[in-house]
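The values are calculated or read from the model by the stated rules, or taken from the named source; none is laboratory data. Bear in mind the structure is a predicted one, so any value in this text is a computation, not a measurement. Methodologically, a virtual Cβ is constructed for each residue, glycine included, from the backbone with ideal geometry; neighbour enumeration extends over all protein chains shown.
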Amino acid sequence: MEYVKLNNGIEMPILNFGVYQIPQKETKEAVLNALKVGYRGIDTAQSYFNEKEVGDAVKECGIPREEIFITTKIWIDNYGYDKCKKSVEESLSKLQTDYIDLVLLHQPFADYYGAYRALEELYEEGKIKAIGVSNFYADRLADICLFERKVIPAVNQIETNPINARFKDQEVAEKYGTHIMAWAPFGEGKNNMFTNPTLVEIGNKYNKSAAQVILRWLIQRGVIIACKSTHLERIKQNYEVFDFKLSDEDMETIKGLDTGDSLFFNHQDPNMVEWFDNMIKVRREQQDASKEKKTWE
Ligand SMILES: NC(=O)c1ccc[n+]([C@@H]2O[C@H](COP(=O)([O-])OP(=O)(O)OC[C@H]3O[C@@H](n4cnc5c(N)ncnc54)[C@H](OP(=O)(O)O)[C@@H]3O)[C@@H](O)[C@H]2O)c1
């Protein structure tokens, strides 16, 4: 495993195992498999509803806690100073740990300033080893770096893959001392990413798959990665990316695949902001309904 040094000196694995969309009942096994294969970074979030299962795996794996790097993310509904602080306590409890290595603000909406101040305090208390943001476009990142200043985000986790390569976002982030971290490095397979002829052809030269070429391309750019699979052979395959090096020419060829457009959605689109707002309201209603049901039972 290779590590990157974050802006506060903390070392973070460059390749992390992501657990988005892994159902609770499959998460523990997937994380145990990843740790057995050699991954030392796990990327979860409050909104993935599997922090407890990640914690179970970390407890059971037999690897010392300090050798494992856990990232979680604060959901928008827990933004604001007080709610954010309380939610970190809940995450610590679910993850069954005294500290979290990296905590990110999941989305650039609502009272993220209040939430960020709470993270800064928890960072100063040592409950969090590094803090950062996610899905912040370059303007939002510049905003929090310039106006918040006390602790510059160590990481900005953003969609990054060959189709949406984020070179400009990386340049802006690095100007402020922030590392970018790729989510959906494979674009979740959209655009036939795993059979893309350019990636397959490059992979053939090194006896590697398109997936491995993508991960290697990100590593050589200095981009931290979260990648997900629930299949052991793919978990292994995605880890076998430290034994080859792409030529400068291949790096440039992959750069040519960049369209500059998201494979998912744009966080700056007002319709998407409405979509998130609506999703939060629906989830709140569901939670209230389930609380009400419990009091009647
Ligand atoms: N901050 C955010 O807003 C945000 C958003 C999305 C994701 N994330 C983080 O980033 C992580 C990765 O993103 P992601 O899970 O959305 O997408 P991804 O890693 O780009 O793609 C995952 C998909 O690719 C398949 N896959 C993985 N390795 C493969 C291989 N070698 N060959 C063929 N198929 C392969 C997986 O299938 P199988 O599982 O069936 O093998 C899964 O369907 C997440 O788990 C999460 O931790 C963060």
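Please state which of the following conditions PHE136 fails to meet, knowing it meets all the rest: (1) within 28 Å of GLU2 (Cβ to Cβ); (2) surrounded by 19 or more Cβ atoms within 10 Å (Cβ to Cβ); (3) hydrophobic (A, V, I, L, M, F, W, C); (4) away from the ligand (no atom under 15 Å from the Cβ).
(4)
Go through region 5-23 and give me each residue that's within 14 Å of the ligand (Cβ to nearest atom) and without any contact (Cβ under 8 Å) to a residue 40 or more places away in the chain.
Selection gives PRO23 alone.
Hey, can you tell me all the residues within region 114-128 that are within 26 Å of MET272 (Cα to Cα) and either part of a loop (DSSP other than H, G, I, E, B) or in contact with a Pro (Cβ under 9 Å, 6 or more places away or on another chain) (or both)?
TYR116
Output the number of the condition that SER290 fails; it satisfies all remaining conditions of (1) surrounded by 11 or more Cβ atoms within 10 Å (Cβ to Cβ); (2) among the hydroxyl-bearing types (Ser, Thr, Tyr); (3) assigned to a helix (DSSP H, G or I).
Every listed condition holds for SER290 apart from (1).
Scan PRO13, PRO64 and give me the residue that is at pLDDT 95 or above and touching a Gly at 6+ places or on another chain (Cβ under 7 Å).
It is PRO13.
With surrounded by 13 or more Cβ atoms within 10 Å (Cβ to Cβ), within 12 Å of the ligand (Cβ to nearest atom) and not aromatic (Phe, Trp, Tyr) as the only criterion, which of LEU246, LEU257, LEU218 stands out?
LEU218
Can you find a residue in region 229-237 that is in the same structural domain as PHE109 (by TED's automatic domain parsing), within 15 Å of the ligand (Cβ to nearest atom) and among the small types (Gly, Ala, Ser)?
yes
Going by what's in this entry, would LYS129 be described as touching a residue at least 60 places away in the same chain (Cβ under 8 Å) and out of contact with any Gly (no Cβ under 8 Å at 6 or more places or on another chain)?
Judged against the criteria, LYS129 is a match.
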